[in-house]
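Report on the structure given below.
What follows is calculated from the coordinates using simple rules that are stated; it is not laboratory data. Source: prediction; values computed, not measured. Counting neighbours? That spans all protein chains shown, and the Cβs are built from the backbone with ideal geometry, glycine included.
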Amino acid sequence: MKTVKHILQTKGAVVYAVSQSTSVFDALQTMMEKNISALLIMEQETLVGIFTERDYARKIILQGKSSKETPVQLVMTPNPRTITTDEKVENCMELMTNNHVRHLPVVESGQVVGMISIGDLVKHIIEDQKQTIDQLQNYISS
């Protein structure tokens, strides 16, 4: 099985982030513009949290808070679980399943170098399985 490094090489290592003082509304605006469902919360290049659509639904909408007046710091998930580029894809799937998360920031030497989602992992696994099937079919045919 391949590693996170392979996924980032395929999808790119673009990271979208905002600061803790950003309003929830502005964070959601960024998420909409970038067509993403999670944002990293960074302070001076240090990862301090993650803000997801789930955080919005559970901590803003259901609690009747104002997204324009609430800073993302109050509703983010602090100190998110991180991985390195050497992490195996199957280990990431296990981490996401066991911790009920859909996004994992990728950190190397204290620097955020990317983020992967459950969708990235599923896509990679499907492509990997397709290659295996193709190889087996070629072997059987020869």
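Worth a mention:
- By the rule of a C-alpha distance below 30 Å, with chain neighbours fewer than 8 residues away ignored, the lysines paired with residue 11 are 2, 34, 88, 123, 130.
- Working note: Karplus 6.51/-1.76/1.60 with θ = phi - 60° gives segment 75-83 the couplings 10, 6, 8, x, 6, x, 4, 10, 9 Hz, where Gly and Pro are set to x.
- When each of the peptides 46-59, 118-131 is scored by the mean number of other C-beta atoms lying within 10 Å of its residues, the order from highest to lowest reads 46-59, 118-131.
- Simple spin-label estimate for residue 16 and residue 111 gives 2.3 nm between the two label positions (7 Å along the Cα-to-Cβ direction from each Cα).
- Close amide H contacts of residue 108 (hydrogens built in the peptide plane, cut-off under 5 Å, sequence separation of 5 or more or a different chain): 113.
- Using Cβ point charges alone (K and R +1, D and E -1), the dipole size of the chain about the Cα centre works out to roughly 320 debye.
- Ordered by the count of other Cβ atoms within 10 Å of each Cβ, fewest first, 36, 60 give 36, 60.
- Top positive-direction residue, dipole computed over the chain with Cβ charges, set 15, 46, 35: 35
- Note on residue 35 and residue 58: their simple-model spin labels are 2.8 nm apart, each label 7 Å out from Cα toward Cβ.
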